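Notes for the one structure printed next.
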Amino acid sequence: MSVVTASFGTLGRQVLGTLAAIGRVTGFALRVLVHMLRPPYYPRELVGQLLAIGWFSLPVVGLTALFTGGALALQIYAGGARFNAEAVVPSIVAIGMARELGPVLGGLMVAGRVAAAIAAELGTMKVTEQIDALTTLSTNPMKFLAAPRVLAATLTVPLLVAVGDAIGIMGGWLVSTSRLGFNSAVYLQNTADFLQVWDVGSGLVKGAVFGFLVALMGCYHGMNSGRGAQGVGRATTNAVVSASVLILASNYLLTEAFFSA
Amino acid sequence: MIELAGLHKSFGPKAVLRGVDLSVPKGTSTVIIGGSGTGKSVLLKCILGLVEPDAGTITVDGRPARQGDRDAFLARFGMLFQGGALFDSMPVWQNVAFRLLRGTLKMPRAAAREVALDKLRRVGLGPEVADLYPAELSGGMQKRVSLARAIAAEPQIIFFDEPTTGLDPIMSGVINRLIREIVTEMGATALTITHDMSSVRAIADRVAMLHAGKIRWEGPVSDMDAATDPYLTQFISGSADGPIETLR
Ligand SMILES: Nc1ncnc2c1ncn2[C@@H]1O[C@H](COP(=O)(O)OP(=O)(O)OP(=O)(O)O)[C@@H](O)[C@H]1O
Ligand SMILES: [Mg+2]
């Protein structure tokens, strides 16, 4: 009896705790959005974050896409060979990169890089009272720190995804023409004929959502960091893990919304 | 005039402030003394709204601190944090000129830099530190940069949390004199926390001693030495024997 009630009690507490956390994160997200829209704006901060988040993520996202596109071509060729359908390689590489792998892998790489960096930076600022200092200098930390980061990530991750799509398709083309005996012009023609605007567009929308989530998780965990080095470490881990899980979960929901018949 | 009445603050089971009553008259320099960990820094943060008190009232010039425009409220304050709290992503001069580079006090960058260099000079730092980053400075230099930042926008009310810890005696003297000048020449209200009794004598008009979550003694600095409160006399003399418990 007591075991049963105790375990129900634990379960209930965990459910309540999760709901409370969802509520806190949602409230945080809404406040960031309000601060993003309402002046004063900090353009200098925004430009800095556009560079830090977008530009400096290019190598990571590019390399990820290149290797993924190449591996994808090999796999589809091997799988297609079972049905004598090797010719589908260009179209499946293109659709796979643009709809799924470009945004998801790009988003996950950005989560590892950007969510961690934001959480560590803001967590350290919290612990060393820099965030309190901002407040006393008449500057709202949500506006000065969180809003530019979230906006920059929401704007730049779709661009990263677009670049990743192109590089991934190029990776597939490279492997297909050099290792699998495809004709270069035919491969590119196939890709161009097959790919539709919404294949790419849906991936870019996903990228914007993932970018928003990554920066949001970095800011949320950083600004609510516990005390000391340990608190910052935990905030960083939580930011990366929660951003990654949210990317995968929202990817499923977005795919369901965009493509389910 | 800052007025605190019945201020309480606990962190979990630990009661830090247990009914603080204190008034800080306008245009004067008040120093808060008290043992380490008695809640002096928490007290300042309560006034600024960085820490939410559990109970009690805080009024500034008769108006409750928690009401009205928070930006306008904070614009009147400057704060030197105990740990400096410099922004390590910005060079020194941008730290000092932070308020002058954005918001309502925004001025051209070149002018803001001039003000920053002037404030740095007043805390004994030359123009060569202006373009360094806080991490490249010694602890005492960081403290002085932070002090320059606190006074840069010439706020009406300034809080200094241990302005002279980590400084050599001569530099301490410079900072003490600076705080005194800010009060007497600029007419600012200063509230300073310090452990350094020579600083207390140099800075203070009034002294308040925080002990066990309450103001134990409060009065003009001239009455301090004649006071008979055993807690205060033990603190001033720095004796290990007395009513204030020391673990050994
Ligand atoms: N954010 C916080 N969470 C939990 N406890 C806190 C927090 N801030 C302060 N405390 C506790 O409140 C007490 C008073 O802290 P405070 O920093 O005000 O001391 P202090 O009087 O300034 O000491 P010192 O002279 O050493 O600076 C300490 O015991 C500290 O552990
Ligand atoms: Mg302190």
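The values are calculated or read from the model by the stated rules, or taken from the named source; none is laboratory data. Being a predicted model, the structure only gives us computed values, none of them experimental. So basically every Cβ, Gly included, is an ideal-geometry build from the backbone, and we count neighbours across all protein chains shown. Protein only, heavy atoms only, side chains kept; ligands, DNA and RNA dropped before computing areas. Shrake-Rupley method; radii C 1.70, N 1.55, O 1.52, S 1.80 Å.
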### Message
Within segment A:209-228, list the residues whose amide N lies under 14 Å from a label point set 7 Å along Cα→Cβ of residue A:33.
### Response
A:209, A:212-213, A:216
### Query
When chain B is treated as a GNM, springs tying every alpha-carbon pair under 10 Å, which of B:165, B:228, B:57 comes out with the largest mean-square fluctuation?
B:228
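When you have a sec, figure out the Kirkwood radius of segment A:1-160 from all distinct Cα pair distances and drop it here in Å to one decimal?
Radius from the Kirkwood sum: 19.4 Å.
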### Message
Stokes-Einstein diffusion coefficient for chain B at 4 °C in a medium of 1.567 mPa s, Rh from the Kirkwood formula over Cα pairs: what value in µm²/s?
### Response
69
#### Entry: Distance-filtered residues of segment B:50-91 - backbone nitrogen under 17 Å, label point 7 angstrom along residue B:23 Cα→Cβ
B:57-65
### Query
For B:102-108, what's the mean count of beta carbons from other chains sitting within 10 Å of each residue's beta carbon?
3
### Proximal lysines relative to residue A:143, as straight alpha-carbon distance under 19 Å, when same-chain residues fewer than 8 apart are discounted
A:126, B:106
### Query
On a 0 to 90 degree scale, rounded to 10, what angle separates helix A:184-194 from the longest Cα axis of chain A?
60
### Task
On a C-alpha basis, how far is the centre of segment A:21-81 from the centre of segment A:96-168 in Å? Whole number, if you could?
7
### Highest to lowest packing among A:11-17, A:252-258, scored as the average C-beta count within 10 Å
A:252-258, A:11-17
### Query
Residue separation times 0.36 nm, minus the C-alpha to C-alpha distance between residue A:227 and residue A:183: what's the value?
9.9 nm
#### Entry: Using a Förster distance of 60 Å, the FRET efficiency for residue A:41-residue A:87 (Cβ separation, nearest 0.05)
0.70
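Mind checking the per residue accessible area of segment A:42-259 for me, 1.4 Å probe, whole number of Å²?
Each residue of segment A:42-259 exposes 43 Å² on average to a 1.4 Å probe.
Sorted by accessible area (1.4 Å probe), largest first, how do B:229, B:88 line up?
Sorted by accessible area, descending: B:88, B:229.
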### Task
For segment A:156-259, just the Cα set please: Rg and Dmax, both in angstrom.
18.8, 60
### Query
Can you name the helices of chain B, as whole DSSP H runs, whose Cα span along the helix axis is 15 Å or more and whose Kyte-Doolittle mean is not below 0.5?
B:169-186
### Message
Running a GNM on chain A with Cα contacts under 10 Å, which residue among A:179, A:44, A:82 ends up with the highest mean-square fluctuation?
### Response
A:82
#### Entry: Residue of B:163, B:64, B:53 that the Gaussian network model of chain B assigns the largest fluctuation, springs spanning Cα pairs under 10 Å
B:64
### Task
Per DSSP H run of at least 4 residues, take -39500 (n - 2.57); add these up for chain A, divide by its residues and hand me the 222 nm value, nearest 500 deg cm²/dmol.
-26500 deg cm²/dmol
### Query
Taking the mean number of other Cβ atoms within 10 Å as a proxy for protection, how do you rank A:128-137, B:69-78 from highest to lowest?
A:128-137, B:69-78
### Summary
iface A-B | buried accessible area, total | probe 1.4 Å | Å², round 100 | 1600
## Note on the structure
For chain A, the dipole about the Cα centre with charges only on Cβ (Lys and Arg +1, Asp and Glu -1), to the nearest 20 debye, works out at 640
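Kirkwood Rh, Cα Rg: Rg to Rh for segment B:130-248? Before the final figure, lay out the partial values.
Working: Rg = 16.2 Å, Rh = 15.9 Å.
Dividing the radius of gyration by the Kirkwood radius yields 1.01.
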### Query
In nm, what is the difference between 0.36 nm times the number of residues separating residue B:10 and residue B:131 and their Cα-Cα distance?
39.4 nm
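What average count of beta carbons from other chains do you get within 10 Å of the Cβ of residues in A:125-132?
Mean partner-chain Cβ count within 10 Å for A:125-132: 5.
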### Task
Work out the charge dipole of the protein assembly as shown with +1 on the Cβ of Lys and Arg and -1 on the Cβ of Asp and Glu about the Cα centre, then indicate which of A:88, B:160, B:186 is farthest towards its positive end.
A:88
### Message
If each residue of separation counts as 0.36 nm, what is the full-extension length gain between residue A:15 and residue A:174 once their alpha-carbon separation is subtracted?
### Response
52.3 nm
### Query
So how do B:9, B:26 rank on accessible area, 1.4 Å probe, biggest first, that is with the largest at the start?
B:26, B:9
### Per-residue mean of C-beta atoms belonging to partner chains within 10 Å, peptide B:40-47
1
### Message
On the Cα set of segment B:13-137, report Rg and Dmax in Å, please.
### Response
17.5, 51
## Note on the structure
Cα-based Rg/(2.2 N^0.38 Å) for the protein assembly as shown, rounded to two decimals, is 1.25
### Summary
Among beta bridges assigned by DSSP with both residues in the protein assembly as shown, the antiparallel ones amount in percent, to the nearest 5, to 55
## Note on the structure
Taking Cα pairs closer than 8 Å and at least 6 residues apart, the relative contact order of chain A in percent is 30
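Using only helices, what value at 222 nm comes out for chain B when you add -39,500 (n - 2.57) per DSSP H run of length 4 or more and divide by the total residues, to the nearest 500 deg cm²/dmol?
The helix-only estimate for chain B comes to -10000 deg cm²/dmol at 222 nm.
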### Occluded residues from segment A:135-159, i.e. those whose accessible area drops by 10 Å² or more once the chain is not alone (1.4 Å probe)
A:135, A:136, A:137, A:138, A:139, A:144
### Message
On a straight-distance basis, which aspartates and glutamates could pair with residue B:119 in a cross-link, Cα separation under 17 angstrom, same-chain partners fewer than 8 positions away excluded?
### Response
B:128, B:131, B:154, B:181, B:185
### Query
Where the eigenvalues come from the Cα gyration tensor of segment A:42-259, what are the semi-axes √(5λ) of the equivalent ellipsoid, largest first, in whole Å?
39, 15, 14
### Query
What ranking do A:48-54, A:37-43 get when scored by the average of other Cβ atoms within 10 Å per residue, highest first?
A:48-54, A:37-43
